[in-house]
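The values are calculated or read from the model by the stated rules, or taken from the named source; none is laboratory data. Please read all numbers here as calculations on a predicted model, not as lab measurements. With ideal geometry, Cβ positions are generated from the backbone for all residues, glycine too; neighbour counts draw on all protein chains shown. The accessibility values were calculated without ligands, DNA or RNA, using every heavy atom of the protein model including side chains. Shrake-Rupley method; radii C 1.70, N 1.55, O 1.52, S 1.80 Å.
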Amino acid sequence: MDPKNHHRLNLWPSARRCLKRLTSIVLAAGCLPGFLNWKATPVWSQEIVRHPVLAGTWYPAEARDLRSTIEGYLQQARLHEIVPFDADLLGIVAPHAGLMYSGPVAAYAYRMVQERPVDAVVVLAPSHRVAFTGVSVFRNGPFATPLGQVPLHTELIESILNKCPDVHDYPPAHTTEHAVEIQLPFLQVVLPVFRLVPLVFGHPSWDTCERLAQTLRDLSTSFRFLVVASTDLSHYHTDEEARRIDARVLERLRHMEAREIWQELRSGVCEACGAAPLLTLLLYAQKMGAKEVSLLRYATSADVTGEKSRVVGYAAAAVWHDAAQQAQSPVQNLSTPSPPALRAEEKAMLMALARETLEAKIFGTNPPNIDLSTLPPALQEPCGAFVTLKRRGQLRGCIGQIEARWPLAVTVARMAVAAAFHDPRLPSMTPDEWKDVEPEISVLSPLARLRDASQLRVGTHGLYLRKETQAGLLLPQVPLEQGWDAETFLRQTCRKAGLPPEAWKDPAAEIFVFTAEVIHEK
């Protein structure tokens, strides 16, 4: 197996068949409904979809196979003692080769992302096929993969275009570029909800990277986003030589020596096809006050193929703030309890319980018997939870229990039925609807009082607001789905409570935050 063709290999059994019909693949649009009583506004209004060009060759074309492959790589990646638990993640470095080659390495970077939901992901990628100057952003519509569609963060894209003169809209740069697309399935698995900002570099200068980094720094006060630098390292050396070359750039990377990396890449001392994305991430991180990078994993294609004569190098890294160094930040000072840590099998048990209980209620059969003595301890502990039901992308019911009154398993079973039959906004569910229902379970942490609105973290916190006899709650995923900032989140929670939008400023209003473990059906 010749590693020089590692980007073009027919990696999966059905690849030839998939490739023949690649241009005719049409993926169903993903809907992002809110939990309010009014119809959600679409995140993007254009109908142009950037369809996948790698499905069936660089990664599996079938959603189930693709998700299973990525989840397998994520399970094998172990990080717990490498990066501080309370790290504030600014960005990651991830490779962009075929999934079977670079996926095991990329998984280490995306394991970091799993614990840190964000509103937007800015993917910085090099152009491999189209020559142009500056940086191109795609803003015509969502990106599709076998796992569904990824909407664009149009507000952040327009802000970047307005602030950075080097960024322009040049769609041909994105038509066949793989360095953005290969990142999306990982992001779709680790982030149930996010919006994309795809930036592809043509022939940028140091000044281009500097200006874009400053733009991202300026916008970080208004938007919560993660930066992904998409790059491979050395190409087509022996395994021994590749490791020597890559060790040099990785040492520079670890110490955030952006200028030195730029000079050595230009002189040929080291190699990275995504040099500009890598430098832009480092410059952005420096402007944010970060001091070092954590190297999570390094490997070459020889680790997969065994062929050491011509290899490609891959690295995964994370750029982060030490929370202790940012104690002055009010966001860091808010201590929010966490929901129970559930294993994959425990999440599957809860989803099956919700499904079986709901099915029994709809069709009038006996519900499953919940024998707590046979369940894992985490499902026996009292815990609050919400169950959301969607049908064909539209909200079909959402009811939950905030307080930890019952064992988690019991809470989920009861809320599944309540969402289908007792949501006052919607009629009771009928048997004809059952086959299209998609449950979502949100396991809640205890509530924490929010006394300073600047501590609210969109993408992490849910909100519960009450004033006298009126109260409203919105789950953490709602502002991400709707593209809200913190103040809009507060205003909409007031609306949910039947209060004026500015009621959150009233001293008589009590505001609480919580976090949630969101479980989706696979």
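Near Thr515, the amide H atoms lying under 5 Å from its own belong to Ser445, Gly462; only residues 5 or more places off or on other chains count, and H is placed 1.01 Å from N.
Per residue, the stretch 162-208 exposes an accessible area of 30 Å² to a 1.4 Å probe, with every protein chain left in place. To the nearest 10 degrees, how steeply does helix 408-421 sit against the main Cα axis of the chain, on a 0 to 90 scale? Once rounded, the angle reads 80 degrees.
The computed Rg and Dmax of the Cα atoms in Å for the structure shown corresponds, within (i) 23.0, 77; (ii) 23.6, 73; (iii) 34.4, 124, to (ii). For the stretch 438-522, what does the alpha-carbon gyration tensor say about shape, rounded, prolate or oblate, given a ≥ b ≥ c as the root eigenvalues, a/c under 1.5 as rounded, and a/b over b/c as prolate? Prolate is the answer for the stretch 438-522, as a/c is 1.5 or above and a/b outweighs b/c.
Does the stretch 149-212 come out rounded, prolate or oblate by the C-alpha gyration tensor, with a ≥ b ≥ c the root eigenvalues, rounded set by a/c under 1.5 and, if not, prolate when a/b is larger than b/c and oblate if not?
prolate
Please compare each pair in Lys163/Lys390; Lys347/Lys467; Lys435/Lys467; Lys347/Lys390; Lys163/Lys291 to a cut-off of 29 Å on the Cα-Cα distance and tell me which ones are over it. Result: Lys163/Lys390; Lys347/Lys467; Lys435/Lys467 exceed 29 Å. Across the stretch 135-289, C-alpha contacts under 8 Å between residues 6 or more apart give a mean separation that, scaled by the residue count, equals a relative contact order of 25 percent. Here the Karplus relation 6.51 cos²θ - 1.76 cosθ + 1.60, evaluated at θ = phi - 60°, turns the backbone of the stretch 361-370 into coupling constants of 5, 5, 9, x, 9, 6, x, x, 7, 9 Hz, with x for every Gly and Pro.
Here the sum of -39500 (n - 2.57) over DSSP H runs of 4 or more residues, divided by the residues of the chain, equals -10000 deg cm²/dmol at 222 nm, to the nearest 500. Relative to the longest principal axis of the Cα atoms of the chain, the long axis of helix 239-254 makes an angle of roughly 60 degrees. 3J(HN,Hα) along the stretch 303-318: 5, 9, 8, x, 8, 9, 7, 9, 10, 10, x, 9, 9, 10, 8, 10 Hz, from the Karplus curve 6.51 cos²θ - 1.76 cosθ + 1.60 with θ = phi - 60°, whole Hz, x for Gly and Pro. Assuming R0 = 41 Å, can you tell me the calculated FRET efficiency for the pair Arg425 and Ile48, based on Cβ-Cβ distance, to the nearest 0.05? Step by step, r from the Cβ atoms, then E = 0.80. Since only Ala360, Pro382, Val412 are under comparison, the one whose Cα sits farthest along the positive direction of the charge dipole of the chain, derived from C-beta charges on Lys, Arg, Asp and Glu, is Ala360.
Taking the 1.4 Å solvent-accessible surface of the stretch 401-479 as the whole, the part contributed by carbon and sulfur is 48%. A Förster radius of 51 Å, combined with the Cβ-Cβ distance separating Glu257 from Arg451, puts the computed FRET efficiency at roughly 0.75.
Note on Lys505 and Glu345: their simple-model spin labels are 5.3 nm apart, each label 7 Å out from Cα toward Cβ. Computed from point charges on the beta carbon alone (+1 for Lys and Arg, -1 for Asp and Glu), the dipole magnitude for the stretch 208-319 about its Cα centre is near 400 Debye. Here each label is just a point 7 Å from Cα along the line to Cβ, and for Thr238 and Gln380 those points are 6.0 nm apart.
Label positions at Thr488 and Asn366, each projected 7 Å from the Cα along the C-beta direction, are separated by 5.1 nm. Placing a label point 7 Å from the Cα of Glu158 along the Cα-to-Cβ line, the residues of the stretch 129-148 whose backbone N sits under 20 Å from it are 136-143.
Please work out the Cα center distance from the stretch 109-177 to the stretch 358-428, rounded to the nearest Å. About 38 Å separates the Cα centre of the stretch 109-177 from the one of the stretch 358-428. Taking the longest Cα principal axis of the chain as reference, the axis of helix 206-219 is set at about 10 degrees.
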